[in-house]
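Chemist: Sharing a structure here in structure tokens format.
Laboratory data are not the source of any read-out in this text; all were calculated from the coordinates shown. Here the structure is a predicted model, which means the values were calculated and not measured. Please note: Cβ atoms are built from the backbone with ideal geometry, for glycine as well, and neighbour counts cover all protein chains shown.
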Amino acid sequence: MLGNLIGVLFDGIAYGSLLFIISIGLSVTMGLMNFVNLAHGAFAMLGGYSCVIAMTRLGLPFLASLPVAFVVSALAGVVLERLLYRRLYRATHLDQVLFSIGLIFMAIAGATWLFGSQQQPVRLPDFLRGQVRVLGLDFGAYRLFLIVVVVAITLALTWLIERTRFGAEVRASVDNQQASAGLGINVERVFSLTFALGSGLAGLGGGLGIDVLGLDPTFPLKYMVYFLLVVAVGGAGTIKGPLFAALILGVFDVAGKYYVPQLGSFVIYVVMVAMLLVFPQGLVGRRA
Amino acid sequence: MAKLLSAERLTAGYGDSIVLEDVSFEVDAGGSLALLGRNGVGKTTLLLTLMGLTRLKSGNLSWEGADIVRLPTFRRAQAGLGWVPQERFMFPSLTVEEHLSVVARPGPWSIARVYQYFPKLEERKQNLGNQLSGGEQQMLAIARALMTNPKLLLLDEPMEGLAPIIVQELLKVIGELVRAGEFAVIVVEQHARLALTLTREAIVLDRGQVVHRSASEELLKHPETLDRLVAVA
């Protein structure tokens, strides 16, 4: 029983870590530009397919295909931000939602046309398969790897946002765009770069997630609610908030499906409602 | 030699409403201008127009001889307009020191030099922008603009809402800065006399138009004119 509990916790944390990598970009775009980008998951899916193609067509090993996923999604993020998203920054949330849901349908149709509707296989390297035995308990090697990657990314992101001038520019722009611009910060460029970084991380998450979340053309729609939950519960525009939210949701989702499978995903919605009642601004409220 | 800033017949406002009409003035390098008038006559709107934050309907705005009407706000700041907004606009998620480093551009002003003028900020350098008193916020707003190494400092009601003792302290520092003449200054102030003692030139706005312009000294010598122009009727 205790072993089960630890196993569920471990799987939940690994799952939550994945949700975090994918959602962090969404949290920043919603916090920074107040833009509701429902199509965020499409960047994750793009990363997933980039990963698959890099491995099957280019013959790259799994680990080498992950940076490819990051770069392709980040570039797609820059291009779409310049061409499309930028036009809707001042639009109403309804327009933004309609626009980005349209992008999702296009992404689904495009992916189906290019790759077919079947699940994509991913071949993990041997050392990431099977179990690792720690203190008498078996842990999935790949899930352990996910957790390590997310710890590394979280540390790197925290350093970037908290310790560099670029990070300070991002925070200043989130706090007050007009004042930032009035003091010489190129808010548009900060946003482009941030959008690219967020899209790239989503792409990386998409690649990392093939083995856990699966990859087929309905991906952006299937997981959209999860990404939005992470941001809603965690609070937009921070790193810490979505991290805790993703871990909590990951653990409760896995635990719910394990212990009370008849309730299905219902458990995490209860968790969401409870957390929003207690923390209406999100776990880490940004705006006072 | 081109003027530092030259505004010609500016007509500007927000959306469809017009706040400023036909406003013209010039500022020389190292010069100082008081911008006076009653509440709501368009003083702040004029500063926002210089920063490109209002809708300019007509008129010309040139900076060191070059037209800047189409220049986005951040480029104007980079060109040397140092904005100290009326609302102060602290960044709640940045520390005091980050407020200074995030906008820093090369020039004579460094964090160390700013701390010499505002030692209180050094004591509070690890505090966040929303953990400061009103006076400290105003000091930081000025210090932050100095870090951009401006050629023209725009001070929008720097004394507003501050306790008299803080006003005295701040006035001393602002006076030193203005008299040093390293950069030009435009001061918007409700307290007209304060602004006049700091500056060489003055213009008075009423209902969006310039109704008086003279040397600041001139206005100080004629308190009845000053009262007629700026006192609340």
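Chemist: Tell me, in nm to one decimal, what length is gained between A:A91 and A:A64 on full extension, where the rule is 0.36 nm per residue of separation less the Cα-Cα distance? Spell out each step's value before the answer.
Modeler: Values: separation 27, 0.36 × 27 = 9.72 nm, distance 3.93 nm.
Computed gain between A:A91 and A:A64 is 5.8 nm.
Chemist: Cut-off is 10 Å between beta-carbons; in what order do B:K151, B:K221 appear when sorted fewest neighbours first?
Modeler: Neighbour counts put them in this order, fewest first: B:K221, B:K151.
Chemist: A follow-up question, please. To the nearest 500 deg cm²/dmol, what mean residue ellipticity at 222 nm is calculated for chain B from DSSP H runs of n ≥ 4 alone, each contributing -39,500 (n - 2.57), summed and divided by the residues?
Modeler: On the way: 10 runs with 86 residues, N = 233.
My calculation for chain B gives -10000 deg cm²/dmol from helical runs alone.
Chemist: Which residues in region B:123-154 have a backbone N closer than 18 Å to a point placed 7 Å from the Cα of B:Q168 along the Cα-to-Cβ line?
Modeler: Answer for region B:123-154: B:135-136.
Chemist: Stokes-Einstein at 4 °C, 1.567 mPa s, Kirkwood radius from Cα pairs: D for region B:31-150 in µm² s⁻¹? Could you put the intermediate results ahead of the total?
Modeler: Working: Rh = 15.6 Å.
Here the translational diffusion coefficient equals 83 µm²/s.
Chemist: Using a Förster radius of 60 Å, what is the FRET efficiency between A:L114 and B:H222 based on their Cβ-Cβ separation? Nearest 0.05, please.
Modeler: Approximately 0.15, to the nearest 0.05.
Chemist: Next up: Looking at chain B, what % of the alpha carbon pairs are farther apart than 25 Å?
Modeler: 39 percent
Chemist: Ranking B:H222, A:H40, B:H191 by Cβ neighbours within 10 Å, fewest first, what do you get? Please report the intermediate quantities before stating the final value.
Modeler: Details: B:H222 13, A:H40 28, B:H191 16.
Lowest count first: B:H222, B:H191, A:H40.
Chemist: If you restrict to DSSP beta bridges whose two residues both lie in the protein assembly as shown, what percentage is antiparallel, to the nearest 5?
Modeler: 60 percent
Chemist: Here's something else I'd like to know. Tell me, how many Å apart are the Cα centres for region A:141-203 and for region B:78-130?
Modeler: Spelled out, the Cα-based centre of one part sits 22 Å from the other.
Chemist: Using the basic label-point model (7 angstrom from Cα toward the beta carbon), what is the A:K222 to B:Y14 distance in nanometres?
Modeler: 4.8 nm
Chemist: For the pair B:E26 and A:V270, how long in nm is the line joining their label points, each one 7 Å along Cα→Cβ?
Modeler: Going by the 7 Å Cα→Cβ label model, 7.7 nm.
Chemist: Given H placed on each backbone N at 1.01 Å, which residues far from B:L5 in sequence or on other chains put an amide H within less than 5 Å of it?
Modeler: B:V27, B:E64
Chemist: Taking the Cα centroid of region A:233-288 and of region B:154-221, what is the distance between the two, rounded to the nearest whole Å?
Modeler: If we compute the Cα centre of each part, the gap is 53 Å.
Chemist: Given a Förster distance of 41 Å, report the FRET efficiency between B:Q116 and B:Q209 from their Cβ-Cβ distance, rounded to the nearest 0.05.
Modeler: My answer for the efficiency is 0.50.
Chemist: Amide H neighbours of A:L60 under 5 Å, at least 5 residues apart or on other chains, H built in the peptide plane: list them.
Modeler: It is A:M55, by chain and number.
Chemist: Based on the mean of other beta carbon atoms within 10 Å per residue, what is the order of A:221-228, A:56-63, most packed first?
Modeler: A:221-228, A:56-63
Chemist: On to the next question. Need one number: nm distance between label points at B:Q190 and B:E123, each 7 Å from Cα along Cα→Cβ, rounded to one decimal.
Modeler: Between B:Q190 and B:E123, the simple spin-label model gives 2.7 nm.
Chemist: Would you kindly derive the ³J(HN,Hα) couplings of region A:236-243 from the backbone phi angles with the Karplus curve 6.51 cos²θ - 1.76 cosθ + 1.60 (θ = phi - 60°), listing them in order in whole Hz, with x for Gly and Pro?
Modeler: Whole-Hz 3J(HN,Hα) from phi for region A:236-243: 7, x, 10, 9, 4, x, x, 4.
Chemist: Please work out the ratio of the alpha-carbon Rg of region A:122-263 to 2.2 N^0.38 Å and round it to two decimals.
Modeler: In units of the globular-protein estimate, region A:122-263 measures up at 1.26.
Chemist: Of A:T238, B:T95, how do they rank once you tally other Cβ atoms within 10 Å and put the fewest first?
Modeler: Numbers: A:T238 23, B:T95 18.
Lowest count first: B:T95, A:T238.
Chemist: Throw me the Rg/Rh for region B:89-142, computed over C-alpha atoms with Kirkwood Rh, two decimals.
Modeler: Rounded to two decimals, Rg over Rh is 0.93.
Chemist: In a Gaussian network model over chain B where Cα atoms closer than 10 Å are linked, find which of B:E122, B:E157, B:E201 has the largest mean-square fluctuation.
Modeler: Judging by the Gaussian network model, the answer is B:E122.
Chemist: Over all directions, what mean area does the Cα convex hull of chain A project, stated in square nanometres? All intermediate terms of the calculation are to be shown ahead of the outcome.
Modeler: Details: hull surface 64.0 nm².
Seen from a random direction, the Cα hull of chain A projects 16.0 nm² on average.
Chemist: Enumerate the amide H contacts of B:L205 below 5 Å, restricted to partners 5 or more residues apart or on another chain; note that Pro and chain-start residues carry no placed amide H.
Modeler: Answer set, sorted by chain and number: B:L36, B:G37, B:V211.
Chemist: Enter the mean projected area of the convex hull around the alpha-carbon atoms of the protein assembly as shown, in nm², rounded to one decimal.
Modeler: Taking the Cα atoms of the protein assembly as shown, their convex hull projects to 29.4 nm² on average.
Chemist: What is the average number of partner chain Cβ atoms found within 10 Å of a Cβ in B:98-109?
Modeler: Per-residue shielding by partner chains comes out at 3.
Chemist: Give me the net charge for the shell around A:Y226: Cβ to Cβ below 15 angstrom, other residues only, Lys and Arg +1, Asp and Glu -1.
Modeler: Result for the local shell: +1.
Chemist: Kindly write out, for region A:214-228 in residue order, the coupling ³J(HN,Hα) from the Karplus curve 6.51 cos²θ - 1.76 cosθ + 1.60 (θ = phi - 60°), rounded to whole Hz, with x marking Gly and Pro.
Modeler: So the J values, rounded to whole Hz, are x, 9, 8, x, 7, 3, x, 7, 4, 9, 3, 4, 4, 5, 5.
Chemist: Then there is this: Beyond a 29 Å Cα-Cα separation, which of these cross-linked pairs lie in this structure: A:K240/B:K151; B:K3/B:K120; A:K240/B:K120; B:K57/B:K172; B:K3/B:K125; B:K125/B:K151?
Modeler: Result: A:K240/B:K151; B:K3/B:K120; A:K240/B:K120; B:K57/B:K172; B:K3/B:K125 exceed 29 Å.
Chemist: Then there is this: Over the Cα atoms of region B:133-233, each weighted equally, I'd like the Debye log10 I(q)/I(0) at q = 0.23 Å⁻¹, rounded to two decimals.
Modeler: Treating every Cα as an identical point scatterer, log10 I(q)/I(0) equals -1.31.
Chemist: Can you compute 3J(HN,Hα) from phi for each residue in region A:273-281, using the Karplus curve 6.51 cos²θ - 1.76 cosθ + 1.60 with θ = phi - 60°, rounded to whole Hz and x for Gly and Pro?
Modeler: Karplus-based 3J(HN,Hα) across region A:273-281 equals 4, 4, 5, 6, 5, 7, 10, x, 8 Hz.
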